Amino acid sequence: MKKYILDTNCLISFFTDRDLKQQKIIKEYFNKLSDYECKLYLTGHIISEFIYVLTKVYKIDNKKTSTLIKNLLKISGIIFLEGYYPDIILKIWPKNIINYSDAVIGAVSIKENIPILTFDKEFSKKLNLINVENIFLK
């Protein structure tokens, strides 16, 4: 069974209408959950970023956001990882990955040996430069 860490932008694209093309692409991975073809991994950091965007950018109230997160974590095949590895983060940030949040997600991928799904082309390029497996979703 394939495993992937979801970059925050994948969650945003799945749950909002910001980019319908991206929404369609990431929906395919969520559909694979029900067929037991893959598992999608989230960390507290990814969830925190997602909550911030939903509440601050999309102005979704805290109660609705909380319900969405609770329901997300109940989906079979969505796995929560306690992923925060400062030793790895500080090896790749800021030298290889300038954005700290991206470095946190990259460190989880390195530690857990799980590729990252992302719509962020620059993040994908940085990950490739340090040989961290990822899939840039076009």
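Structural remarks
- Sole exception among (1) assigned to a helix (DSSP H, G or I); (2) within 21 Å of F14 (Cβ to Cβ) for K111, by number: (2)
- Exactly one residue among I116, I46 is in contact (Cβ under 8 Å) with a residue 60 or more places away in the chain, hydrophobic (A, V, I, L, M, F, W, C), under 25 Å from R18 (Cα atoms) and touching a strand residue (DSSP E or B) at 6+ places or on another chain (Cβ under 7 Å), and that residue is I116.
- Hey, Y58 within 20 Å of E133 (Cα to Cα) and either surrounded by 11 or more Cβ atoms within 10 Å (Cβ to Cβ) or not small (G, A, S) (or both) or not: no
- Counting only strands (runs of 3 or more DSSP E) that sit completely within the range 1-92, those holding 1 or more residues that are of a type in the set (S, T, Y) correspond to 2-6, 38-43.
- Scan of the range 16-49 for residues that are out of contact with any Phe, Trp or Tyr (no Cβ under 8 Å at 6 or more places or on another chain), over 20 Å from N113 (Cβ atoms) and buried (at least 18 other Cβ atoms within 10 Å of the Cβ), ordered by number: E49
- Filter pass, D7 being farther than 25 Å from I110 by Cβ and charged (D, E, K, R): no
- Boolean, S101 is over 22 Å from V53 (Cα atoms), of a type in the set (S, T, Y), modelled with pLDDT of 95 or more and not in a loop (DSSP other than H, G, I, E, B): no
- Long-range neighbours under 7 Å by Cβ, at least six apart or interchain, first residue within 29 Å of E37 (Cβ to Cβ) within the range 71-98, second among the polar types (S, T, N, Q) and modelled with pLDDT of 95 or more: L81/T43; G83/T43
- Qualifying position, being modelled with pLDDT under 95 and either touching a His at 6+ places or on another chain (Cβ under 7 Å) or under 13 Å from L6 (Cα atoms) (or both), among G77, G106, G44, G83: G83
- Flag for S66 being without any contact (Cβ under 8 Å) to a residue 24 or more places away in the chain, surrounded by fewer than 16 Cβ atoms within 10 Å (Cβ to Cβ) and under 25 Å from Y100 (Cβ atoms): no
The values are calculated or read from the model by the stated rules, or taken from the named source; none is laboratory data. Everything numeric here is computed off the predicted structure, so don't read it as measured data. Virtual Cβ from ideal backbone geometry, glycine too; neighbours counted across all protein chains shown.
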